[in-house]
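**Q** Below is one structure. I have some questions about it.
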Amino acid sequence: MATRKPSGSASRATSSAAPGARPSGVRDAVIVGGNRIPFSRAGKKYADASNQEMFTAALEGLVARFGLQGERLGEVVGGAVLKHSRDFNLVRESVLGSSLSPQTPAFDLQQACATGLEAAITVSNKIRLGQMDSGVAGGADTISDAPVAVSEGLRRVLLEASHAKTLQARLKAFAKLRPGDVKPLTPGTDEPRTGLSMGEHQAITTARWGITREAQDELALASHQHLAAAWDSGFFDDLVTPFRGLVRDDNLRADTSLEKLASLKPVFGKSLDEPASMTAGNSTPLTDGASAVLLASADWAAARDLPVLARFVDAETAAVDFVHGHEGLLMAPAHAVPRLLARNGLTLADFDFLEIHEAFASTVLTTLAAWEDADYCKNELGLSGALGSVDRAKVNVNGSSLAAGHPFAATGGRILATAAKLVAAKAAETGQPARALISVCAAGGLGATAIVESV
Ligand SMILES: CC(=O)SCCNC(=O)CCNC(=O)[C@H](O)C(C)(C)COP(=O)(O)OP(=O)(O)OC[C@H]1O[C@@H](n2cnc3c(N)ncnc32)[C@H](O)[C@@H]1OP(=O)(O)O
C-alpha cells in the first residue's frame with residue numbers, strides 16, 4: 001500500500017484528546033484509511049440487510065484493518081438518509097455492535113447525499129481543534145429496507161388509539177379511518193418543495209447547459225471502465241471488505257459499451273422541449289451500502305504505528321435557491337468550490353485528482369461546464385471570469401457513483417477514502433505532494449466539497 005508514516009511525537013494516553021495536550025492552534029487531521037462493504041443494487045444481495053447491520057460491517061472492517069479492537073475513539077459520526085424511527089441512534093448502536101470500546105461516543109447527522117462528507121468535516125474539525133485525537137466518519141443507506149410511512153390520517157388515528165384509555169375510545173379513534181388512509185407512503189427522491197424528483201430536476205439543468213446524450217453516456221462508460229480497472233488492479237483490496245457473500249460492487253458492468261448505453265430509453269426529462277437524454281445507464285442506480293473512514297491526529301496514528309494516507313485540508317459547503325431562483329438543484333458544489341479554492345490560494349489546475357460525485361453523468365458535466373463559463377462565473381459565483389477548465393483525465397480516475405452505485409449516506413466515505421488513497425499513491429510514485437478535490441451534490445440544493453493532500 002502506498003502510504004507514509006506521519007511525523008510527530010507518540011502519545012498513547014487516551015483516544016480522546018489527552019489531558020493538558022490540547023494544542024493551542026489548529027493541527028492537522030489525517031486520514032488513516034477507509035473501509036466499505038461492496039455496494040449492491042437495491043433489492044439484490046442486501047435485500048434484507050438493515051442500515052445498522054451494514055454500518056456495523058463497514059465499521060468492523062475498519063476495526064479489523066487497523067487493530068482498533070477495544071479502542072475508545074474520540075467519536076464515530078455518520079448517518080443514513082432513509083432511516084427507520086427505531087434507528088434514531090443508528091451510529092451509536094453500530095458502535096455497540098462493533099468491537100470498538102463501548103465507551104466510544106457516537107452521533108447521527110444527515111445532509112442527504114453529502115452525509116458522509118459532512119461527517120468527515122465534523123470529525124476532522126474536532127481533531128484539528130484538539131477536542132479529540134481520533135474519529136470515524138461514515139454512513140449507510142438502504143433502499144431495500146427503507147422505512148415505509150403511513151398516511152397522516154392513519155398516523156393521527158394510531159396516535160389517538162394508543163393514548164385511548166378505554167376500548168370505546170380506541171374504537172372511536174379507528175372509526176375516523178378513511179379508505180385512503182391505509183395507503184403506505186414509500187420514500188422517493190422527490191424534492192418536497194417542488195414535487196420533482198432529483199432526476200427531473202437534473203434533466204432541466206442538463207437541458208439548460210446543453211449537455212448531450214453522447215457526453216453523458218461516454219462519462220458513464222468511463223465510470224464503469226475505470227472502476228473495473230481499479231478493482232482488477234487491487235486498488236480496493238484495502239478499502240473494501242466482503243459482506244453477505246458480495247466481494248465487488250454488483251452494479252459494475254465491465255462489459256457495458258457505448259452502443260448498449262445508447263440503446264437505453266430516457267427516464268428523466270421526457271416532458272421537456274429538449275430531447276430527453278438521462279437514462280438508467282447515465283443515472284446512479286438505487287443502491288444499498290455503507291462506508292467508514294478513520295481520521296486522527298498525526299500523533300495518534302504514529303503512536304499506534306498506523307499508516308497515514310492523506311491530510312484532510314479544508315472543506316466548504318454551499319446551498320442554491322432552486323425553489324425561487326433559476327439555479328439547478330444539484331449545482332451547489334459549483335458555488336462551494338471557488339470559495340474553497342480562494343481560501344486556500346488554489347486553482348483548479350493545482351489538483352491531481354477531482355472526485356466529483358456522479359449523481360447523474362450530467363451533474364459532473366454541468367458542474368465542469370459552469371466553471372468554464374465566464375458569464376456564469378461572474379453572474380452566479382461573483383468571480384471576475386471563468387473559474388477554469390479541468391483536465392478530464394483527472395476526474396473520477398477510479399470510477400464513481402454511476403458504476404459503484406450510490407447508497408446516499410455512504411457515498412462521501414467511499415469518495416474520501418478513494419481520494420486519500422489516490423493522493424498517497426501518487427505522492428509515493430512521484431516523490432511530490434499530491435492533492436485531490438472532492439465535490440458532492442445533495443438534495444435540497446446542497447453541496448459539500450473538500451480538499452485532501454498527501455502527507
Ligand atoms: C444528489 C444525488 O445523488 S441525486 C441522485 C439520487 N439518486 C437517484 O435519484 C436515483 C436515480 N435512479 C433511479 O431512480 C433508477 O435507477 C432509474 C429510474 C434511473 C432506473 O431504474 P430502473 O429502470 O429500475 O433501472 P434498471 O436497473 O432496471 O435499468 C433499466 C435497464 O437499463 C439497463 N442498464 C442500466 N445501466 C446500464 C449500463 N450501464 N449498461 C447497459 N445497460 C444498462 C438495465 O440492464 C435495464 O435493462 P433491462 O430493462 O433490459 O433489464
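**Q** Going by what's in this entry, would ASP108 be described as surrounded by fewer than 24 Cβ atoms within 10 Å (Cβ to Cβ) and either more than 16 Å from the ligand (Cβ to nearest atom) or not hydrophobic (A, V, I, L, M, F, W, C) (or both)?
**A** Numbers: surrounded by fewer than 24 Cβ atoms within 10 Å (Cβ to Cβ): yes; either more than 16 Å from the ligand (Cβ to nearest atom) or not hydrophobic (A, V, I, L, M, F, W, C) (or both): yes.
Answer is yes for this residue.
**Q** Turning to a different aspect of this structure: Within region 427-434, can one find any residue that is within 16 Å of the ligand (Cβ to nearest atom) and touching a residue at least 40 places away in the same chain (Cβ under 8 Å)? Give the derivation first.
**A** Looking only at region 427-434, we keep the residues that are within 16 Å of the ligand (Cβ to nearest atom), and these are none.
No, the conditions are met nowhere in region 427-434.
**Q** Could you look through region 205-236, keep only residues that are of a type in the set (Gly, Ala, Ser) and within 16 Å of the ligand (Cβ to nearest atom), and pick out the one that is nearest to the chain's Cα centre (by Cα)?
**A** Step one: filter region 205-236 for residues of a type in the set (Gly, Ala, Ser), giving 207, 210, 215, 220, 222-223, 228-230, 233-234.
Still in the running and within 16 Å of the ligand (Cβ to nearest atom): 215, 220, 222-223, 228-229.
Values: ALA215: 24, ALA220: 18, ALA222: 20, SER223: 16, ALA228: 20, ALA229: 22 Å.
If we take residues in region 205-236 being of a type in the set (Gly, Ala, Ser) and within 16 Å of the ligand (Cβ to nearest atom), then SER223 is nearest to the chain's Cα centre (by Cα).
**Q** Being closer than 16 Å to LEU68 by Cα and crowded, with 24+ Cβ neighbours inside 10 Å is the filter; apply it to region 300-309 and report the residue that is nearest to the ligand (Cβ to nearest atom).
**A** Residues of region 300-309 closer than 16 Å to LEU68 by Cα: 300-308.
Among the residues that remain, those that are also crowded, with 24+ Cβ neighbours inside 10 Å are: 300-301, 308.
Values: TRP300: 33, ALA301: 31, VAL308: 29 Å.
Out of the qualifying residues, it is VAL308.
**Q** What are the residues in region 169-199 that are assigned to a helix (DSSP H, G or I), under 27 Å from HIS324 (Cα atoms) and in contact with a Leu (Cβ under 9 Å, 6 or more places away or on another chain), if any?
**A** If we filter region 169-199 for residues that are assigned to a helix (DSSP H, G or I), which is where we start, we get 169-174, 179-182, 198-199.
Then drop every residue that is not under 27 Å from HIS324 (Cα atoms), which leaves 198-199.
Correct list: MET198 only.
**Q** Kindly establish whether LYS260 is within 11 Å of the ligand (Cβ to nearest atom) and surrounded by fewer than 20 Cβ atoms within 10 Å (Cβ to Cβ). Steps first, please.
**A** On the way: within 11 Å of the ligand (Cβ to nearest atom): yes; surrounded by fewer than 20 Cβ atoms within 10 Å (Cβ to Cβ): yes.
In short, yes.
**Q** Now for a different question. If you go through region 273-295 one residue at a time, how many are more than 8 Å from the ligand (Cβ to nearest atom) and not in a loop (DSSP other than H, G, I, E, B)?
**A** 9
**Q** Among the residues of region 384-426, write down those that are assigned to a helix (DSSP H, G or I), within 14 Å of the ligand (Cβ to nearest atom) and not aromatic (Phe, Trp, Tyr). If you could, list the steps in order and put the result at the bottom.
**A** From region 384-426, those assigned to a helix (DSSP H, G or I) are 392-394, 401-404, 408-426; that's our starting set.
Filter again for within 14 Å of the ligand (Cβ to nearest atom), leaving 401-404, 408-412, 414-415.
The answer is SER401, LEU402, ALA403, ALA404, ALA409, ALA410, THR411, GLY412, ARG414, ILE415.
**Q** Also, I was wondering about something else. Of everything in region 263-272, what is outside any strand (DSSP E or B) and more than 7 Å from the ligand (Cβ to nearest atom)? Give them in sequence order. If you could, list the steps in order and put the result at the bottom.
**A** Looking only at region 263-272, we keep the residues that are outside any strand (DSSP E or B), and these are 263-265, 269-272.
Listed by number, the residues that qualify are SER263, LYS265, GLY269, LYS270, SER271, LEU272.
**Q** Got at least one residue in region 370-377 being within 27 Å of GLY34 (Cα to Cα) and more than 15 Å from the chain's Cα centre (by Cα)?
**A** Going residue by residue through region 370-377, those that are within 27 Å of GLY34 (Cα to Cα) are none.
No: region 370-377 contains no residue that is within 27 Å of GLY34 (Cα to Cα) and more than 15 Å from the chain's Cα centre (by Cα).
**Q** In region 416-454, how many are in contact with an Asp or Glu (Cβ under 6 Å, 6 or more places away or on another chain), aliphatic (A, V, I, L, M) and either surrounded by fewer than 24 Cβ atoms within 10 Å (Cβ to Cβ) or closer than 20 Å to LEU329 by Cα (or both)?
**A** Counting residues in region 416-454 that are in contact with an Asp or Glu (Cβ under 6 Å, 6 or more places away or on another chain), aliphatic (A, V, I, L, M) and either surrounded by fewer than 24 Cβ atoms within 10 Å (Cβ to Cβ) or closer than 20 Å to LEU329 by Cα (or both) gives 3.
Throughout, read-outs are computed from the coordinates displayed, never taken from laboratory work. This one's a predicted model, so the numbers in the text were calculated from it and none came from an experiment. When we count neighbours, we look across all protein chains shown, and the Cβ atoms used for this are built from the backbone with ideal geometry, even at glycine.
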